[in-house]
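Trainee: Mind having a look at this structure? Questions to follow.
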Amino acid sequence: MHHFFVPPECIVEDNVTLPVDVASQLSRVLRARLGDEIVVLDDSGTEYLVQLSAIDRNSASGIVISKSKSQGEPSVFITLYQGILKADRFEYMLQKGSELGITSFVPVNCHRTISQNKPSDSRYTRWRKIITEAAEQSGRGRLPVLQEIVNFDSACEKATGVSLMPWEGEKATSLKSSLTYVASGTDAHSSINIFIGPEGGFTTEEVEFAKKNRITLVTLGPRILRAETAGIVTAAAILYELGELGG
């Protein structure tokens, strides 16, 4: 069953008018026919089972057969504050994070961020497309939010809720022990932030600033993970510990 995010105005009562790009994909790529069923989402957490009633290369419409709450959204809201990476690595992180269940991505300008890696407006457009396609493929009910770039200090100061920073210099506090503590709280895990550095990692000064802002340093174990991998691994561990992966 193919999933498509559409603007809310495309759904009027039980009638759905699909955008041109979706109609084109259905007719030219997926070879959809009259009577085929698809899932349409309006980014509200509701999914609509729609039967196609008209379709050609430039337009398509359908009738809502049923609607239900999407089962693809985790109960925990995870925000990944990711140090800006090379374009292909950042795109990999966005794709896999969207599939996994991350709620929000915040690109962070860190001390060791390489200047040419900072994205242009066109890059943001591409990133949002990657997020949308990954969310559709994985059955998400809402689109992960891609926020504007922030400086590291501002990111630390604006983060609310539980905040974790995997860091290779941390030896005492494990991610597992931190998550056990989080899972034992009554409402502490409603929002969790993950801070990951750029390719060169965080500086000592950044780590100290994070600690002053009540961000918990954790170790991911004896292996050093790449910057585009560390956030995904941490998010997966959080979701598993809170019963959102195979629970």
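Trainee: Quick one: LEU245 ticks every box in (1) in contact with a helix residue (DSSP H, G or I) (Cβ under 6 Å, 6 or more places away or on another chain); (2) surrounded by 18 or more Cβ atoms within 10 Å (Cβ to Cβ); (3) more than 25 Å from THR113 (Cα to Cα) bar one, so which box is it?
Mentor: Exception for LEU245: condition (2).
Trainee: Still on this structure, please answer the following. Go through (1) at pLDDT 95 or above; (2) open to solvent by 60 Å² or more (accessible area, probe 1.4 Å); (3) closer than 24 Å to PHE202 by Cβ for GLN82 and report which single condition fails.
Mentor: Here GLN82 clears every test but (2).
Trainee: Does SER75 meet the test of being open to solvent by 60 Å² or more (accessible area, probe 1.4 Å), closer than 30 Å to LEU225 by Cα, within 22 Å of the chain's Cα centre (by Cα) and not charged (D, E, K, R)? Break it down stepwise before answering.
Mentor: Values: open to solvent by 60 Å² or more (accessible area, probe 1.4 Å): yes; closer than 30 Å to LEU225 by Cα: yes; within 22 Å of the chain's Cα centre (by Cα): yes; not charged (D, E, K, R): yes.
Yes, satisfied.
Trainee: Take the residues in region 130-153 that are polar (S, T, N, Q), in a helix (DSSP H, G or I) and touching a strand residue (DSSP E or B) at 6+ places or on another chain (Cβ under 8 Å); name whichever of them is nearest to ALA87 (Cα to Cα). It would help to see each step written out before you state the result.
Mentor: Our first condition is that a residue be polar (S, T, N, Q); within region 130-153, this holds for 132, 137-138, 147, 151.
The next check asks that each one be in a helix (DSSP H, G or I); those that pass are 132, 137-138.
With touching a strand residue (DSSP E or B) at 6+ places or on another chain (Cβ under 8 Å) added as a condition, the list becomes 132, 137.
Working: THR132: 17, GLN137: 22 Å.
If we take residues in region 130-153 being polar (S, T, N, Q), in a helix (DSSP H, G or I) and touching a strand residue (DSSP E or B) at 6+ places or on another chain (Cβ under 8 Å), then THR132 is nearest to ALA87 (Cα to Cα).
Trainee: On to the next question. Pick from region 119-129 the residues that are in a helix (DSSP H, G or I) and not hydroxyl-bearing (Ser, Thr, Tyr): which of them is least open to solvent (accessible area, probe 1.4 Å)?
Mentor: Restricting attention to region 119-129, the residues satisfying the condition of being in a helix (DSSP H, G or I) are 121-129.
Next, from what is left, pick out any that are not hydroxyl-bearing (Ser, Thr, Tyr): 121, 123, 126-129.
Numbers: ASP121: 133, ARG123: 79, ARG126: 120, TRP127: 4, ARG128: 108, LYS129: 126 Å².
Filtering region 119-129 for residues that are in a helix (DSSP H, G or I) and not hydroxyl-bearing (Ser, Thr, Tyr), the one least open to solvent (accessible area, probe 1.4 Å) comes out as TRP127.
Trainee: Pick from region 214-232 the residues that are closer than 20 Å to TYR181 by Cα and surrounded by fewer than 16 Cβ atoms within 10 Å (Cβ to Cβ): which of them is modelled with the lowest pLDDT?
Mentor: The selected residue is GLY221.
Trainee: Go through ILE38, ILE102, ILE114, ILE84 for me and flag whichever is within 28 Å of GLY246 (Cβ to Cβ), touching a Pro at 6+ places or on another chain (Cβ under 8 Å) and β-branched (Val, Ile, Thr).
Mentor: On the way: ILE38 fails: touching a Pro at 6+ places or on another chain (Cβ under 8 Å); ILE114 fails: within 28 Å of GLY246 (Cβ to Cβ); ILE84 fails: within 28 Å of GLY246 (Cβ to Cβ).
Criteria check complete, one pass: ILE102.
Trainee: Continuing with this model, one more query. Any residue in region 3-18 that's without any contact (Cβ under 8 Å) to a residue 40 or more places away in the chain: show its pairings with residues that are open to solvent by 80 Å² or more (accessible area, probe 1.4 Å) at Cβ separation under 9 Å, as long as the two are six or more apart or on different chains.
Mentor: Note: pairs meeting the criteria are VAL6/THR17; GLU9/THR17; CYS10/THR17.
Trainee: Among the residues of region 135-159, write down those that are on the phi > 0 side of the Ramachandran plot and of a type in the set (A, V, I, L, M).
Mentor: none
Trainee: Shifting gears a bit: Based on what the data block shows, is GLY97 modelled with pLDDT of 95 or more and surrounded by 15 or more Cβ atoms within 10 Å (Cβ to Cβ)?
Mentor: Working: modelled with pLDDT of 95 or more: yes; surrounded by 15 or more Cβ atoms within 10 Å (Cβ to Cβ): yes.
Against the criterion (modelled with pLDDT of 95 or more and surrounded by 15 or more Cβ atoms within 10 Å (Cβ to Cβ)), GLY97 qualifies.
Trainee: Give GLU199, GLU148, GLU170, GLU205 a once-over and let me know the one that is open to solvent by 20 Å² or more (accessible area, probe 1.4 Å) and farther than 27 Å from ILE224 by Cβ. Spell out the reasoning first.
Mentor: Details: GLU199 fails: farther than 27 Å from ILE224 by Cβ; GLU170 fails: farther than 27 Å from ILE224 by Cβ; GLU205 fails: farther than 27 Å from ILE224 by Cβ.
Matching residue, one of GLU199, GLU148, GLU170, GLU205: GLU148.
Trainee: Yes or no: VAL50 under 18 Å from LYS129 (Cα atoms), open to solvent by less than 60 Å² (accessible area, probe 1.4 Å) and β-branched (Val, Ile, Thr)?
Mentor: Working: under 18 Å from LYS129 (Cα atoms): no; open to solvent by less than 60 Å² (accessible area, probe 1.4 Å): yes; β-branched (Val, Ile, Thr): yes.
Answer is no for this residue.
Trainee: Hey, which of the strands (runs of 3 or more DSSP E) in region 1-118, taking only ones fully inside, have at least 3 residues that are touching a Lys or Arg at 6+ places or on another chain (Cβ under 8 Å) and farther than 14 Å from GLU136 by Cβ? Even if it seems obvious, please write down each step before you answer.
Mentor: Working: elements: 3-5, 15-18, 37-41, 46-55, 60-69, 77-83, 104-109.
Those strands (runs of 3 or more DSSP E) span 46-55.
Per-residue answers, yes or no, for (1) part of a loop (DSSP other than H, G, I, E, B); (2) within 29 Å of ILE130 (Cβ to Cβ); (3) of a type in the set (Phe, Trp, Tyr); (4) over 21 Å from the mean Cα position of the chain (by Cα):
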| site | (1), (2), (3), (4) |
| --- | --- |
| ALA155 | no, yes, no, no |
| ASN193 | no, yes, no, no |
| PRO198 | yes, yes, no, no |
| ARG223 | yes, yes, no, yes |
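The values are calculated or read from the model by the stated rules, or taken from the named source; none is laboratory data. From a predicted model like this one, the values you see are computed outputs, not experimental measurements. Cβ coordinates were reconstructed from backbone atoms using ideal geometry, including for glycine residues, and neighbour counts include every protein chain displayed. Note: areas computed on protein heavy atoms with side chains; ligands, DNA, RNA excluded. Shrake-Rupley method; radii C 1.70, N 1.55, O 1.52, S 1.80 Å.
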